[in-house]
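**Student:** Pasting in a structure now, in structure tokens, and then I'll have a few things to ask.
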Amino acid sequence: WNILLLNEPELFKIYKIILKGVKEFAKFIGLNEPVTYLGCWATLTRKGRQVFPHTHNFHMVGHVAINAEPSTTTYSWKDVDNNEYHVPIKNLNGQVQVTKSVNHHSSIWEKDESRVTIAFDVIGQKHVEDPRPLPPCFPILLE
């Protein structure tokens with residue numbers, strides 16, 4: 001399922017935040033693909049838990065923090081010289097984080113109420129043409 005396909009006006013606000021962040025990041029990295037696809041879901045993390053390190057194999061990944069303060073999302077990668085980087089970014093409610101598809105995980109959530117984010121993948125045409133199944137997604141224009 002794709003959470004943005006639900007008929008909920010508040011989710012349209014989230015969609016606009018995501019689209020703005022994705023377009024800005026696509027311009028920043030020089031992504032020259034006018035149409036991509038957006039897959040989107042909610043992530044709920046309970047007290048004492050975390051989103052474990054993982055990687056998505058798409059153009060971009062990201063999330064909008066709904067109830068994620070105080071927590072961090074750490075992005076990890078190696079450069080061409082094999083130097084490792086681990087960059088924690090504070091999650092601020094209402095803010096979008098967008099990056100290339102790199103390993104990422106959340107800090108351990110310590111609050112009683114659940115941590116909530118709306119996560120997403122930006123999927124390119126090469127992934128759509130790949131015979132492996134994709135998450136439910138819909139096209140977005142980056143121009």
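**Student:** Residues in the range 30-48: is at least one in a helix (DSSP H, G or I) and either hydrophobic (A, V, I, L, M, F, W, C) or more than 18 Å from LYS100 (Cα to Cα) (or both)?
**Tutor:** No, the conditions are met nowhere in the range 30-48.
**Student:** Of all residues in the range 20-41 being surrounded by fewer than 16 Cβ atoms within 10 Å (Cβ to Cβ) and either within 25 Å of SER71 (Cα to Cα) or of a type outside the set (Val, Ile, Thr) (or both), which is modelled with the lowest pLDDT?
**Tutor:** Filtering first and then ranking leaves PRO34.
**Student:** Go through the range 50-143 and tell me which strands (runs of 3 or more DSSP E), entirely inside it, have 2 or more residues that are without any contact (Cβ under 8 Å) to a residue 60 or more places away in the chain.
**Tutor:** Strands (runs of 3 or more DSSP E) meeting the threshold: 60-67, 72-78, 84-90, 103-106.
**Student:** Filtering the range 73-123 down to residues that are out of contact with any helix residue (DSSP H, G or I) (no Cβ under 8 Å at 6 or more places or on another chain), surrounded by 15 or more Cβ atoms within 10 Å (Cβ to Cβ) and aromatic (Phe, Trp, Tyr), which residue is farthest from CYS137 (Cα to Cα)?
**Tutor:** Per the criteria, the residue is TRP109.
**Student:** On to the next question. Does any residue in the range 23-34 that is within 18 Å of ILE123 (Cβ to Cβ) come within less than 6 Å, Cβ to Cβ, of a residue that is at pLDDT 95 or above six or more places away or on a different chain, and which pairs are these?
**Tutor:** Filtered contacts from the range 23-34: PHE25/VAL98.
**Student:** Can you report the number of residues in the range 64-102 which are polar (S, T, N, Q) and under 18 Å from VAL22 (Cα atoms)?
**Tutor:** Adding up the residues that qualify gives 7.
**Student:** Name the residues in the range 47-72 that are surrounded by fewer than 15 Cβ atoms within 10 Å (Cβ to Cβ) and within 23 Å of GLY124 (Cα to Cα), would you?
**Tutor:** PRO53, HIS54, THR55, ASN57, listed by residue number.
The values are calculated or read from the model by the stated rules, or taken from the named source; none is laboratory data. The structure displayed is predicted, hence computed values, not measured ones. Here Cβ is always computed from backbone atoms with ideal geometry, including for glycine, and neighbour counts include all displayed protein chains.
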